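Contents: one structure, followed by commentary.
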Amino acid sequence: MLRAVSKPDTSLSEPVRAKLVAHLNAALGPQNEEEFYGGEPGDPGLIGPGSMSWEINGDLASLLLAGTGAILMELLHPSVMAGVYTFSNYQRDQLRRTQNTLGYVLRTTFGNTAAATRLIDQVKGIHGRIQGVRPDGVPYRALDPELIGWVHTCIPWAVMTAYDRYRRPLSLEEKNRYLREQAVIGRMGGADRVPETVGELEEYVERMRPKLAVNEQTLNFIDFVRGRTEDIRVSEPERWYRWLVIHTSMSLMPEWAQRLTHTAQPKSVRGVLAPTDRLRARLLHWVVPEMPCKRMALARVSKRVSQDAPSQGPSRSFQVSGSA
């Protein structure tokens, strides 16, 4: 599934990198599908090269470090939580939601225009079948523009914060550019109001905050992610790692959200964990300095055939070349 490509290196670093890439392949699935990232030469996709979205969403470390926090923030809306709890199969397929969320971000960012648009329409079609009544008696439907707006916003909010913390500091203008670019995808998905600046984001979150809550469904989901449910048996090292992932990701979110999800930690604990968080980010930057989907998108836009594009044979995912 994977072939690590690099300059000749007899050190121990390349076998380690290849092993880590194989682990990412298994966990995240392929990110080099020709049907999404190939296509008509010169097609920039929904956003295009030179954008903040191509820079930020092309950083795997930021996506992964932000992912759990983004999902938990989405699920703080009881209507979103009810839909996921009732209609998804996250209890039976632990990786599916993560893979779907990552795939959606990458495909709408780097995919060709037709494929990205088709994916957004497909997701809307799936959401059209999701509706019901929350445990507190409030009806919900997944195509509610407010819910789509909240789910959309949580992802770029968390990813942008992770990039700013672990990759490089972003200026206010760069953050605003990123949010404006991402807003295009949110509106295509059916959102009504999508923040396009940092100021609008802060105001939007404060408007949504009274509607957010933790209920029994939320607590069950968090216990599931932590490996604390009866249906999941995980080792102590795995449980510790899951705890670290959750707390690292939620540390990107406001303190009130950390308190609400019981992921808040004293400053002394955060001071101990912060170097570990940065080490994980640096490790991911070293393992995958550039994602194959971005290379393929750049090749598509520049009207040249990418040598990294997959053949009809076995799929390759993260193809390592060079160093970070």
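Remarks
- Region 124-263: radius of gyration and largest Cα-Cα distance (Dmax), Å: 16.9, 47
- Proximal lysines to K19, defined as alpha-carbon separation beneath 29 angstrom and excluding residues fewer than eight positions away on the same chain: K7, K294
- Residue exposure proxy: M188, M291, M296, ordered by other Cβ atoms within 10 angstrom of their Cβ from fewest to most, comes out as M188, M291, M296.
- Around the Cα centre of region 45-281, unit charges on the Cβ atoms of Lys, Arg, Asp and Glu (plus for the first two, minus for the last two) sum to a dipole of about 380 debye.
- In the chain, the DSSP-assigned H stretches of four residues or longer account for a calculated mean residue ellipticity at 222 nm of -19000 deg cm²/dmol, using -39500 (n - 2.57) per stretch and the full residue count as denominator.
- Residues listed by number, region 25-49, amide nitrogen under 14 Å from L143 label point at 7 Å toward C-beta: none
- Sites counted here are trypsin sites (Lys or Arg not before Pro) in a DSSP loop (not H, G, I, E or B) having no more than 12 other Cβ atoms within 10 Å; the longest part of the chain that contains none of them is 130-232.
- A P(r) calculated from all alpha carbon pairs of the chain, with 20 Å bins opening at zero, reads 30, 61, 9, 0 percent.
- Label point distance in nm, A22-L283, each placed 7 Å from Cα along Cα→Cβ: 1.7 nm
- Excluding same-chain neighbours fewer than eight residues apart, the lysines reachable from K211 by a Cα-Cα span under 29 Å are K124, K175, K267.
Taken together, the values in this text are just the output of simple stated rules run on the coordinates, not laboratory data. Keep in mind it's a predicted model, so treat the numbers as computed, not measured. Neighbour counts are summed over all protein chains in view; Cβ atoms, including those assigned to glycine, are modelled from backbone coordinates with ideal geometry.
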